[in-house]
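Structure first, commentary second.
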Amino acid sequence: TWLEVREIAFTIPAEMQLLRVMSSSFAKKISFKQALLTDATMPEIASILEDMPKLVEVELTDCSFLGTGRWEIQIQAKQSQTLRVLTIEKLSIEEFYLFTDLRDVESLLSLLTKVTVQNTKVFLVPCSLSKHLQSLEYLDLSANLLGDQSLEHSACPGGWPSLQTLNLSQNSLSDLEMTSKSLSHLRKLILLDISQNNFGEIPDVCEWPKNLKYLNLSSTQIPKLTTCIPSTLEVLDVSANNLKEFGLQLPFLKELYLAKNQLKTLPGAAPVPNLVALSVRRNKLNSFSREEFESFEKMELLDAGDNNFICSCEFLSFIHHEARIAHVLVGWPDRYVCDSPLAVRGMQVGAVHLSLMECHRSLVVSAICVLVFLVILILVAVGYKYHAVWYLRMTWAWLQAKRKPKRAPPKDICYDAFVSYSENDSDWVENTMVQELEQACPPFRLCLHKRDFVPGKWIVDNIIDSIEKSHKTLFVLSEHFVQSEWCKYELDFSHFRLFDENNDAAILVLLEPIQSEAIPKRFCKLRKIMNTKTYLEWPLEEKQQDMFWFNLKIALKS
């Protein structure tokens, strides 16, 4: 029933006699794919096809033709009484601009009812040929080179008298008024596809076939619809244009396709009272009211997917349970405004199960914001109580100090010792130890924070500079020292800077007995030093104090 001839070059006329066996075939359809035809062989092939008793359809796909249509042998074959469908797709004719008007085959085409010639660089259908297509009901000339003038000649009066469906998409049409007038005499034309042409602005008045029901004007660069659109339409497709509104009076319209435009509101229901199906997919709709929705009394299908809907559970519930529309597609876009994408793009509202987040988005978002604020507030309070900012700044200072040389050059040493002590022990430090050491012979230079820190300088920088400019660091340890927050800060940096060097720059003086366990656990190296190295203890007996000062001076000089 279907014979396919693929990748064969029909170039030698004498060889065509070998195909005469096909004349006895009962195939209803024959397809030539990637075949090569010439002026010399075409008449023989046509003769064979006309003799096939059951042949209904002939198809040529991706074929090539060498010649201009001037047959060397005039076709004498009798007219086929069965052939009704002719399909030609991507026929390559190198000299298509020299191709003839095919008057030699006009008489063979009168019984064809369906003709498709796609992507074949057709720029004109001879008027005489159109007039011979008396039975033609379907004509597809899409993806060709037809212009306004050539269409007027192709669709001349008397041509295509029985035509019902005409596809002229992807051609070179640019004048809608001229296009409609050229086709206005086609009284039986019902469906017209002139999409993907470049019409731009259209006039207010046009002349159309009287019985036109379906009109496809998608992707035609139309910025605004006018009364040029025929009022007899039942189906109108104006998708993929630059439309910002729709208000045409089309009383018989049943299907309206407005996808890929710039609409911000639904079309009014009054101008299209019989509308059954509406597509407003991929526009700029944010929402539409319940009244707008209910105004479409006969609506059965609404496709409003890929818009920026700000939807609610109440709205979806109304659509599903109360609205008369049988099918509503809301297929949420990749870029949504309120609710998350509903499961599957284009899913029917009745099948959607919304979560708490989708139903009460504002409430959930508010609760999350309040929770985040409370967490931040708690973190700030905890950080303030435990001096987190101070520790961060101190750690940064320590990291910068780590990059410096371990020991300052001798010329930068200003003090024999930096003294770290608690304010509660200041009386002993300032009135006893300082007097003893600074009045010794030779005197020692001590650095005290009260006296020697630079005013206005950050305290940590003062500690760093003082330790780096001191030969030793003298810690006066006591219960007050261990419990003092300020001393902890000094001890922190001293711990990093000094004990990491594993040297003897630190001198520990115990002003009163203290257990190493009382020292904070994070100062593990300091605890280790107290357990493994000798430290000085301040004796309460005056007889032993001279030995204490002697040992301390020796330690400072070492």
Mind counting the residues in segment 120-153 that are assigned to a helix (DSSP H, G or I) and either under 44 Å from the mean Cα position of the chain (by Cα) or farther than 17 Å from R187 by Cβ (or both)?
10
Condition check for L256: open to solvent by less than 60 Å² (accessible area, probe 1.4 Å) and part of a strand (DSSP E or B)
yes
Of (1) closer than 21 Å to V460 by Cβ; (2) at pLDDT 70 or above, K406 fails just (2)
Note on segment 164-181: residues out of contact with any strand residue (DSSP E or B) (no Cβ under 6 Å at 6 or more places or on another chain), open to solvent by less than 10 Å² (accessible area, probe 1.4 Å) and free of Cβ contacts under 8 Å to residues at least 40 places away in the same chain are L168, L173, T179
Residues of segment 26-83 satisfying the condition of being more than 51 Å from the chain's Cα centre (by Cα), of a type in the set (F, W, Y), modelled with pLDDT of 85 or more and surrounded by 17 or more Cβ atoms within 10 Å (Cβ to Cβ)
none
Give the residues of segment 102-138 that are under 16 Å from N167 (Cβ atoms) and among the hydroxyl-bearing types (S, T, Y), sorted by residue number.
T113, T116, T120, S130, Y138
Among (1) at pLDDT 80 or above; (2) open to solvent by less than 20 Å² (accessible area, probe 1.4 Å); (3) more than 26 Å from S219 (Cβ to Cβ); (4) not small (G, A, S), there is one condition P273 misses while meeting the rest; what is its number?
(2)
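The values are calculated or read from the model by the stated rules, or taken from the named source; none is laboratory data. All figures in this text were calculated on a predicted structure; none of them were measured in a lab. Counting neighbours? That spans all protein chains shown, and the Cβs are built from the backbone with ideal geometry, glycine included. We work out accessible area using only protein heavy atoms, side chains counted, and drop any ligands, DNA or RNA first. Shrake-Rupley method; radii C 1.70, N 1.55, O 1.52, S 1.80 Å.
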